[in-house]
């Protein structure tokens, strides 16, 4: 009896010994993983899809989804800042790729360099070179991009344009010609919404006015903000504003898009989340119900913004966070997330059959166009500049003075360290 | 004697913890904010574990009031002043009016009182969202006339770009001195009945003199800015003012109603016997008696109007110069722009403006106690 018991014990111990490594392969990670983001509501399911993949790979980890709602992270970023200042960083947090990350967190020495991870996963080859430059500095690469949105897109309804006898404009001169025709028929030529969409419009206009090279030079500090190129951009912007709706400041971007859908306005310049809105909420077929073109004068240039996740120094569960970043950068993760979010994958090798007509078109441009960073969405400039620019925009909307706006930008750039 | 001092000691010991807590968490933090506002904490390395801070004195304040990039703040400050004045006049006036009507004891007074007080129970975010829909340019209030067969209104309650009562910030020193002269003269006029000699010597003559000097030599005063910068009362704030008055007039109504009920019926009867009309009773008897209530209403409303944040955020959003407010600006500067020192400076400016309302009240209270 005793012998039998001892035998059983031996067998049991052996089973444990053999079983242990296997268990380790399935999930060697334990503990918590706190993911901090502002994806809720419409964007919640896309985040959930990523978390599902993570849980399959790491069943031992308890995922805490710490979402702070509010579009574009307005509320989340304030909460994040108080947490980081209080010495309580989440394991991984969402941040717009580019200067919003670099100018704020990397400059403050709060982030870990992800270059080893990029090399280990072979991401140096699958992400476009231009993108890696924009999310990295000479000291390292700082975040894993999850999605790509395009900012310089002009939306319209093809049937309406036919009715009004105008065509989608390729340059701003074309637009002004069309706008006169539209005004005569009582149609608002360009729908605009509240203030941040004015910043969004400005970057498209400025890109058209000064060209991609000057645009890049501007943010590299090689072109000054009170140079004639920037003054000209503000002048053009002022001219474009004349053709927008006067009640703009009380509309949300969806309401401005609605103006185009309802036929009250002809065009709207907005990021390609508008495509998701029109396809999903308004049930319009891309290409037939709504059309798109690169915003006037920017054909061949892809102004991008991206959501990304980084690894803060002192993350309580570092290993779990790295496993999370691996999911984000993987092809599987990107193609599960992006069709739901309405964006495209940052990877060059994404499975295009999972996306709709618009996204396929955008993905094609992404891999072939010149890529530049968006100002309004945190790629081109840091928080200090972005916040100050919002009040300069307010000043300009009131005074319409291009000289003063450029001068104010130049002072602001000095303060923001550009 | 001994027992009394023991009681005092007990009272002191009981109060000590809260005194320490308030000392640290109120006055200590005010002091820390003042200190922060005099540093250059901000810019690219602002969020480092050990951010670099240097003492720069009053530079942040000078920049806010006279700097090239402070235009947004100045507009917000002007907005807040107009906004406070309108809110005070509107909420106190309307609340008093409703209270007088309810004081006539109409039928269903209880129900009406509840209805008027109800808006206060809503949070600003909720009422702001509702009012944003009501005041939308192509909806709500503006389409009301349609139901009666008229054309819809086109007034842009929240997005109008026009402003009235516009002044140039360059002239701010001159304007402030004119205001000071005006106040001196007004006080003098009021004092004239009571104490003629003192009124003329202390108030009227200095007031007129100050006004005249500024009028003649005002050109010699330095400009606050090197360029013109116009600020005014933006018509887009009308919508927000309407919503706030709607929310707070019920509250002032409740204050006044309680006051009116506290006036004894005998006094009212006596006034009526002396031949006072309803209007005369309220004007000469009831409202003067409720001066403490008016003062506390003004204090409470003024600090609410200075803290205004969520209502504006819900109705017109951030980055809206026409309806901006220093409190919003402070939040955005600090937590979006990472300029902690500048945000602290805005906070201190707001703190000083609030003190301008509250300190005279406190002084008045102490004096009254002294008289007793």
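Data table
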read-out: Residues of segment B:346-372 classified as over 19 Å from the mean Cα position of the chain (by Cα) and either in a helix (DSSP H, G or I) or closer than 30 Å to residue B:332 by Cβ (or both), total; value: 7
read-out: Segment A:239-275, residues that are surrounded by fewer than 24 Cβ atoms within 10 Å (Cβ to Cβ), within 14 Å of chain B (Cβ to nearest Cβ) and not in a helix (DSSP H, G or I); value: A:242, A:244, A:245, A:246, A:247, A:251, A:252, A:262, A:264
read-out: Tabulated pairs, segment A:217-232, first farther than 13 Å from residue A:413 by Cα, second surrounded by fewer than 16 Cβ atoms within 10 Å (Cβ to Cβ), C-beta under 8 angstrom, 6+ apart or interchain; value: A:231/A:403
read-out: Checklist (1) touching a residue at least 12 places away in the same chain (Cβ under 8 Å); (2) loosely packed, with under 13 Cβ neighbours inside 10 Å; (3) over 30 Å from residue B:59 (Cβ atoms) applied to residue B:166, failing item; value: (3)
read-out: Helices (runs of 4 or more DSSP H) lying entirely in segment B:64-166 (those with 3 or more residues that are in contact with a helix residue (DSSP H, G or I) (Cβ under 6 Å, 6 or more places away or on another chain) and more than 14 Å from chain A (Cβ to nearest Cβ)); value: B:71-103, B:109-117
read-out: Single match in A:76, A:24, A:48 (criterion: in a helix (DSSP H, G or I), surrounded by 13 or more Cβ atoms within 10 Å (Cβ to Cβ) and either in contact with a helix residue (DSSP H, G or I) (Cβ under 8 Å, 6 or more places away or on another chain) or modelled with pLDDT under 90 (or both)); value: A:76
read-out: Conditions (1) loosely packed, with under 15 Cβ neighbours inside 10 Å; (2) more than 11 Å from chain B (Cβ to nearest Cβ); (3) part of a helix (DSSP H, G or I): number failed by residue A:59; value: (3)
read-out: Yes/no for residue B:308 being more than 14 Å from chain A (Cβ to nearest Cβ) and within 19 Å of residue B:82 (Cβ to Cβ); value: yes
read-out: Verdict on residue A:234 being within 14 Å of another protein chain (Cβ to nearest Cβ), under 20 Å from residue A:396 (Cβ atoms) and buried (at least 19 other Cβ atoms within 10 Å of the Cβ); value: no
read-out: Given (1) more than 30 Å from residue B:44 (Cβ to Cβ); (2) free of Cβ contacts under 8 Å to residues at least 24 places away in the same chain; (3) within 12 Å of chain A (Cβ to nearest Cβ), number of the condition residue B:323 does not satisfy; value: (2)
read-out: Test for residue B:270: is it part of a helix (DSSP H, G or I), touching a residue at least 12 places away in the same chain (Cβ under 8 Å) and either more than 14 Å from chain A (Cβ to nearest Cβ) or on the phi < 0 side of the Ramachandran plot (or both); value: no
read-out: Total residues in segment B:189-218, condition touching a helix residue (DSSP H, G or I) at 6+ places or on another chain (Cβ under 6 Å) and modelled with pLDDT under 85; value: 5
read-out: Looking only at segment B:283-310, and only at residues there that are over 15 Å from the mean Cα position of the chain (by Cα) and surrounded by 20 or more Cβ atoms within 10 Å (Cβ to Cβ), the one that is nearest to residue B:77 (Cα to Cα); value: B:293
read-out: Candidates B:45, B:57, filtered to the one that is outside any helix (DSSP H, G or I), free of Cβ contacts under 8 Å to residues at least 40 places away in the same chain and within 14 Å of another protein chain (Cβ to nearest Cβ); value: B:45
read-out: Test: residue in segment A:294-309 that is touching a helix residue (DSSP H, G or I) at 6+ places or on another chain (Cβ under 8 Å) and either closer than 19 Å to residue A:61 by Cα or free of Cβ contacts under 8 Å to residues at least 60 places away in the same chain (or both); value: yes
read-out: Test: residue B:290 is farther than 28 Å from residue B:30 by Cα, in contact with a helix residue (DSSP H, G or I) (Cβ under 6 Å, 6 or more places away or on another chain) and more than 14 Å from every other protein chain (Cβ to nearest Cβ); value: yes
read-out: Residue check for residue A:68: modelled with pLDDT under 90, within 13 Å of another protein chain (Cβ to nearest Cβ), surrounded by 16 or more Cβ atoms within 10 Å (Cβ to Cβ) and in contact with a helix residue (DSSP H, G or I) (Cβ under 6 Å, 6 or more places away or on another chain); value: yes
read-out: Failed criterion for residue B:108 (all others in (1) touching a residue at least 40 places away in the same chain (Cβ under 8 Å); (2) farther than 22 Å from residue B:235 by Cβ hold); value: (1)
read-out: Complete set of residues in segment A:215-225 that are over 22 Å from the mean Cα position of the chain (by Cα) and either crowded, with 16+ Cβ neighbours inside 10 Å or under 19 Å from residue B:316 (Cα atoms) (or both); value: A:223, A:224, A:225
read-out: Filter result for residue B:254 (under 30 Å from residue B:157 (Cα atoms), out of contact with any strand residue (DSSP E or B) (no Cβ under 7 Å at 6 or more places or on another chain) and within 14 Å of chain A (Cβ to nearest Cβ)); value: no
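This table checks each residue for (1) at pLDDT below 90; (2) within 12 Å of another protein chain (Cβ to nearest Cβ); (3) buried (at least 22 other Cβ atoms within 10 Å of the Cβ); (4) farther than 30 Å from residue B:45 by Cβ.
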{"position": "B:312", "(1), (2), (3), (4)": "no, no, yes, yes"}
{"position": "B:331", "(1), (2), (3), (4)": "no, yes, no, no"}
{"position": "B:346", "(1), (2), (3), (4)": "no, no, yes, no"}
{"position": "B:352", "(1), (2), (3), (4)": "no, no, no, no"}
{"position": "B:360", "(1), (2), (3), (4)": "yes, no, no, yes"}
{"position": "B:365", "(1), (2), (3), (4)": "yes, no, no, yes"}
{"position": "B:368", "(1), (2), (3), (4)": "yes, no, no, yes"}
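The values are calculated or read from the model by the stated rules, or taken from the named source; none is laboratory data. All values reported here derive from a predicted model rather than from experimental measurement. In this analysis, Cβ positions are derived from the backbone assuming ideal geometry, glycine residues included, and neighbour counts consider all displayed protein chains.
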